[in-house]
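Contents: one structure, followed by commentary.
The values are calculated or read from the model by the stated rules, or taken from the named source; none is laboratory data. Treat the numbers as computed from the prediction; the structure is a model and nothing was measured. Quick reminder, even Gly has a Cβ in these numbers, built from the backbone with ideal geometry, and neighbours come from all protein chains shown.
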Amino acid sequence: MKIILNGEEREIEERILSRALCELDFVDAVVATAVNERFVSASQRSAIELNDGDRLEVLAPMQGG
Amino acid sequence: MQFYDVELASPLMLGTAQYPSPAILAAAVQASGAEVVTVSLRREASGNLAGQAFWSIIRDLGTRVLPNTAGCRTVKEAVTTAHMAREVFGTPWIKLEVIGEEDTLQPDVFGLVEAARILTEEGFQVFPYTTEDLVVAERLLAAGCRVLMPWGAPIGSGRGLNNIFGLKMLRAHFPDVPLVIDAGIGLPSHAAAAMELGFDAVLLNTAVAKAGDPVGMAKAFALAVEAGRLARHAIPMEPREMASPSTPVMGRAMLA
């Protein structure tokens, strides 16, 4: 299944968001997620199923002013 | 100084971007005495996880964090970013930025008020990056904001306090609202001037991060805000148009 991860196309096997994050090497990372421009909280990730073409944003702490 | 029931001793809030190295960032924060640093959220590259290392440095500083919504141009974007920031940083504080114009990075005050209303209703404690406009300030307070952060000058410009009159009006109009000068500060003297005007705090980033010696500049800002605050409390003299001799005239020798 193809998804758009942070603006780039990626091929993944896992459909469940929490598992897809592991597959994408975000295991144990402090990140926030949004699917198709909607925030998905950490507690919701195991209940969210990704579909072909979905846009997944994975954000992490970064420098800011 | 109190922001949403949190008592802070230092009137300096520091951004964490653009430092030459993480070690210099940490040393600058320490030298500044800042108890609050601003942070952001950006895309994390899978397998690289740069954000995790940064977050570890920030946690070691032991300061409070004020996440921002920098770069957001719509209410929806800003609100979604705030949701994501609350989860990652574990704080209801949000520095709300809704940018309306590219050259000046001026806030879109219409979107700002709307986003502030949505977020305060959801339990966020909003620090809105705004202009010195009194009517916008009223609307932000009506939307639930308990702190206002007017710009001094455009972000990163280092131009200081562009509209002293407007900022004075804001201070006079809202004597009990915590007011923070956010953006545009370039020199410690600008920060001191903001404190002398009666502002409660200043938030700056580039002036320290892009200095030749960021740690030295952080210390200079710490001293400047303290000097400005002390001066405000000491009640400055009124300026006058004409000279007035400070040395007594009485008893002056006639030697001419």
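Does residue B:152 count as in contact with a strand residue (DSSP E or B) (Cβ under 7 Å, 6 or more places away or on another chain), small (Gly, Ala, Ser) and surrounded by 19 or more Cβ atoms within 10 Å (Cβ to Cβ)?
So residue B:152 passes the test.
Would you please list the contacts, defined by Cβ atoms under 8 Å and residues six or more apart or on different chains, that run from a residue in the stretch B:128-147 that is crowded, with 23+ Cβ neighbours inside 10 Å and modelled with pLDDT of 95 or more to a residue that is among the acidic types (Asp, Glu) and part of a strand (DSSP E or B)?
B:129/B:182
Looking at B:171, B:146, B:139, can you tell me which residue is in a loop (DSSP other than H, G, I, E, B) and at negative phi?
Values: B:171 fails: in a loop (DSSP other than H, G, I, E, B); B:139 fails: in a loop (DSSP other than H, G, I, E, B).
None of the other options fit; the residue is B:146.
Can you tell me which condition residue B:95 does not meet? The list is (1) within 16 Å of the chain's Cα centre (by Cα); (2) farther than 17 Å from residue B:15 by Cα, and all the others hold.
(2)
So residue B:208 ticks every box in (1) in contact with a strand residue (DSSP E or B) (Cβ under 8 Å, 6 or more places away or on another chain); (2) within 26 Å of residue B:108 (Cα to Cα) but one. Which box is left unticked?
Condition not satisfied by residue B:208: (2).
Picking from B:104, B:91, B:63, B:74, which residue would you name as being in contact (Cβ under 8 Å) with a residue 12 or more places away in the chain, touching a Gly at 6+ places or on another chain (Cβ under 9 Å) and among the β-branched types (Val, Ile, Thr)?
Just a single option satisfies the conditions, and that option is B:74.
So, of the residues in the stretch B:1-38 that are at negative phi and free of Cβ contacts under 8 Å to residues at least 24 places away in the same chain, which turns out to be surrounded by the most Cβ atoms within 10 Å (Cβ to Cβ)?
Applying the filter and picking the extreme gives B:23.
I'd like to check which strands (runs of 3 or more DSSP E) are fully inside the stretch A:16-65 and have at least 3 residues that are surrounded by 13 or more Cβ atoms within 10 Å (Cβ to Cβ) and either more than 12 Å from the chain's Cα centre (by Cα) or more than 8 Å from every other protein chain (Cβ to nearest Cβ) (or both).
A:55-63
All but one of (1) surrounded by 15 or more Cβ atoms within 10 Å (Cβ to Cβ); (2) touching a residue at least 12 places away in the same chain (Cβ under 8 Å); (3) under 21 Å from residue B:71 (Cβ atoms) hold for residue A:4, so report the exception by its number.
It fails just one condition, (1).
Among B:202, B:208, B:215, which is within 14 Å of another protein chain (Cβ to nearest Cβ), part of a helix (DSSP H, G or I), of a type in the set (A, V, I, L, M, F, W, C) and touching a residue at least 24 places away in the same chain (Cβ under 8 Å)?
Just a single option satisfies the conditions, and that option is B:208.
Residues being buried (at least 19 other Cβ atoms within 10 Å of the Cβ) and either in contact with a Pro (Cβ under 8 Å, 6 or more places away or on another chain) or free of Cβ contacts under 8 Å to residues at least 12 places away in the same chain (or both): count how many of those fall in the stretch B:181-198.
Residues in the stretch B:181-198 being buried (at least 19 other Cβ atoms within 10 Å of the Cβ) and either in contact with a Pro (Cβ under 8 Å, 6 or more places away or on another chain) or free of Cβ contacts under 8 Å to residues at least 12 places away in the same chain (or both): 5 in total.
Those residues that are of a type in the set (D, E, K, R) and free of Cβ contacts under 8 Å to residues at least 12 places away in the same chain, I need them from the stretch B:168-180; list them, please.
Within the stretch B:168-180, just B:176 meets the criteria.
Out of B:105, B:112, which single residue is in a helix (DSSP H, G or I), farther than 21 Å from residue A:41 by Cα and touching a Pro at 6+ places or on another chain (Cβ under 8 Å)?
B:112
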